[in-house]
1. Name the pairs whose Cβ atoms lie under 7 Å apart, with the first residue in segment 92-115 and outside any helix (DSSP H, G or I), the second among the acidic types (Asp, Glu) and away from the ligand (no atom under 13 Å from the Cβ), and 6 or more positions between them or separate chains?
2. State which residue pairs qualify: first residue closer than 26 Å to Asp103 by Cβ and inside segment 44-72, second residue aromatic (Phe, Trp, Tyr) and assigned to a helix (DSSP H, G or I) in any location, beta carbons under 6 Å apart, and separation of 6 or more residues or different chains.
3. I need the full set of residues from segment 46-67 which are surrounded by 19 or more Cβ atoms within 10 Å (Cβ to Cβ), over 23 Å from Phe186 (Cβ atoms) and within 13 Å of the ligand (Cβ to nearest atom), in order please.
4. Within segment 63-88, count every residue that is under 21 Å from Asp112 (Cα atoms), in a strand (DSSP E or B) and under 15 Å from the mean Cα position of the chain (by Cα).
5. Which one is nearest to Gly96 (Cα to Cα) among residues in segment 116-151 that are part of a helix (DSSP H, G or I) and not polar (S, T, N, Q)?
6. Just give me the residues in segment 157-175 being at pLDDT below 50 and buried (at least 19 other Cβ atoms within 10 Å of the Cβ), in sequence order.
7. Pick out, from segment 176-292, the helices (runs of 4 or more DSSP H) lying fully within it that include 3 or more residues that are more than 22 Å from Ala90 (Cβ to Cβ) and modelled with pLDDT of 95 or more.
8. Taking segment 13-40 only, how many residues are within 15 Å of the ligand (Cβ to nearest atom) and open to solvent by 40 Å² or more (accessible area, probe 1.4 Å)?
Amino acid sequence: MADFQKQTVQWFPGHMAKTRRKIKENLPLVDAVVELVDARIPVSSRNPELDELTSSKPRIILLNKCDVADANATAEWIRYFEASGAFAMAVDCKSGKGLNKFDDLVREALKDKIQSNIDKGMPGRALRFMVVGIPNTGKSTFINKMSGRNRLKTADRPGVTRTSQWVACGGGIELLDTPGVLWPKFDDPAVGDKLAFIGSVKDEILDSETIAVRLLDVLKEDYADRLTERYKIDASDCQLPSYELLEKIGAARGMKIRGGEVDTERAANTLLDEYRGGKLGRLTFERPGRKS
Ligand code: G4P
C-alpha cells in the first residue's frame, strides 16, 4: 500500500510531471480510458488532473469496491458521472461481481469506434484501454480479474519504475496498465481524512483520535442509526460534538482509564477497526453535489 502522505511533499511535483508525460505519450495508443475510483470516496480517490489530461478519449469510470460502499450512494454516483458525459458502473473487482457487464459498457462507450472498424473492414480489431486510478483503487485486481491471471503487483511507489504493459483480456479487449503514479488531491486535508477512514493512508502517521472524530463528523450526519445500533448509545448522543460522542462510545464499551475517565484513544482505535472490519455496514463518505 502506498504511503501517500510521507512521500507527497518530497515526490509530488517531479513524479506527477513524469506520469503526466507518460499518459500523454500513451493516450494516442488507446481507444478509451478506464478509471477506477473507490466507491466509498468517489471524489477523494480521484486524481484532480485526470479529467483534463485524458479529455480527448471516452471515459469509463468503475466505482470499485461497491461491496463495501452504500448501494444507494453508488447509484447516485453512477447517475452523476453519466450526466457528466462518462460511462460508469459499479464493480467489485475482488469477487469479480459486475465485471460481466464491462463488455456491454465498452460496446456502448465505443460504438462509433466499433462501427468505424467494421466500415474499414477490421471488425475484429482489438479495443484498447488505459487503466488509471490513484494507488489502492484496485487497478491490479481489475486487470488480473479481466485477464484471468495473477500478475505480480507492480510497485506503486514513487521512484520505482512501473513499466507500461499491455494485457490481453479476451473478447478483443486489451488493457494498458497506468504508466506512472497518480496522486490524490492531498493539498485538501478532507481528502487525506477520507483516505485515512478507508485505511489507504498508514495509521502510524496519523492521530487515530483525530481521524475517529472526523469519521464521527460524517457518520453523525448520514449514518447515526448505525452508531446507535452498534454502540448502544442514545440517538441524542449523535447530536453531541464528535469528541464527546467518542467518549460516549468508549463509555458504552466500558473503556475507562484510572480516575474513571474514558480511554478515548482506545475508543478511537475500536471505532476505526470496526468500521474497516465492516461492522458498521456499507458506508459512503461523499455524495454528489455535497461539499465535504
Ligand atoms: P492498485 O493496483 O490500484 O493499487 O490496487 P490493488 O488492486 O492492489 O487493490 C488494493 C486493495 O483493494 C487490495 O487489498 C485489494 O484486494 C482490494 N480490492 C480491490 N478490489 C476490491 C473490491 O472490489 N472490493 C474490496 N472489498 N476490496 C478490493 P489489500 O488489502 O491491499 O490486499 P489483499 O488483502 O486483497 O491481499
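1. So the pair list comes out as Leu110/Asp31.
2. Ile61/Phe81; Leu63/Trp77
3. Cys66
4. 1
5. This residue is Lys145.
6. Answer for segment 157-175, where residues must be at pLDDT below 50 and buried (at least 19 other Cβ atoms within 10 Å of the Cβ): just Pro158.
7. The helices (runs of 4 or more DSSP H) meeting that bar are 208-222, 224-231, 242-252, 264-276.
8. Number of matching residues: 0.
The values are calculated or read from the model by the stated rules, or taken from the named source; none is laboratory data. Keep in mind the model is a prediction, meaning the values are calculated, not measured. So basically every Cβ, Gly included, is an ideal-geometry build from the backbone, and we count neighbours across all protein chains shown. Accessible surface is based on the protein model in full, side chains and every heavy atom, while ligands, DNA and RNA are left aside. Shrake-Rupley method; radii C 1.70, N 1.55, O 1.52, S 1.80 Å.
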